[in-house]
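Engineer: Here's a structure for you.
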Amino acid sequence: MREWQVKRRERTRQLIELGGLVVKAGLVELADDDRATLYGAFLTVAAKLRGEEREQALVLWKRKGKRAFNRQYEHDH
């Protein structure tokens, strides 16, 4: 397999995983499946990450994400 094919597959996998997180978080339903609403929300998150509260936001969001993954794992097993 050529290098560009490997990179394309990796990129495709990443996009699928990110889309799965959007669905898992319930954002598609909460935003009535409206792309403009979702994009606006993502822009708000990006702006926060460019601001002074970046580190606090990253710590908080990572902690919440890990807890949610752990709850899901415990629920599934």
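Values in this text are rule-based calculations from the coordinates and carry no lab data. All of these numbers come straight from a predicted model, not from anything done at the bench. No Cβ is skipped: glycine too gets one built from the backbone with ideal geometry, and neighbour counts run over all protein chains shown.
Engineer: List the lysines whose alpha-carbon lies under 24 Å from that of LYS62, not counting same-chain residues fewer than 8 positions away?
Structural biologist: LYS24, LYS48
Engineer: Can you give the FRET efficiency for LYS64 and ALA36, using 1/(1 + (r/R0)^6), R0 = 25 Å, r = Cβ-Cβ distance, to the nearest 0.05? Don't skip to the end; give the middle numbers.
Structural biologist: Working: r = 25 Å, r/R0 = 1.01.
With a Förster radius of 25 Å, E is 0.50.
Engineer: In the neighborhood of ASN70, defined by Cβ-to-Cβ distances under 13 Å, what is the net charge if each Lys or Arg adds +1 and each Asp or Glu adds -1? Don't jump to the answer; show the numbers that get you there.
Structural biologist: Working: positive: LYS62, ARG63, LYS64, LYS66, ARG67, ARG71; negative: GLU74, ASP76.
Local charge sum for ASN70: +4.
Engineer: Per residue of region 4-19, in order, report the coupling 6.51 cos²θ - 1.76 cosθ + 1.60 (Karplus, θ = phi - 60°) as ³J(HN,Hα) in whole Hz, putting x for Gly and Pro.
Structural biologist: Rounded to whole hertz, the list is 5, 5, 4, 5, 5, 5, 4, 5, 4, 4, 4, 5, 5, 4, 5, x.
Engineer: Now for a different question. Figure the gain on full extension for ARG50 and ARG9 (residue separation times 0.36 nm, minus the Cα-Cα span) and round it to one decimal in nm. Spell out each step's value before the answer.
Structural biologist: On the way: separation 41, 0.36 × 41 = 14.76 nm, distance 2.95 nm.
Result for the pair: 11.8 nm of gain on full extension.
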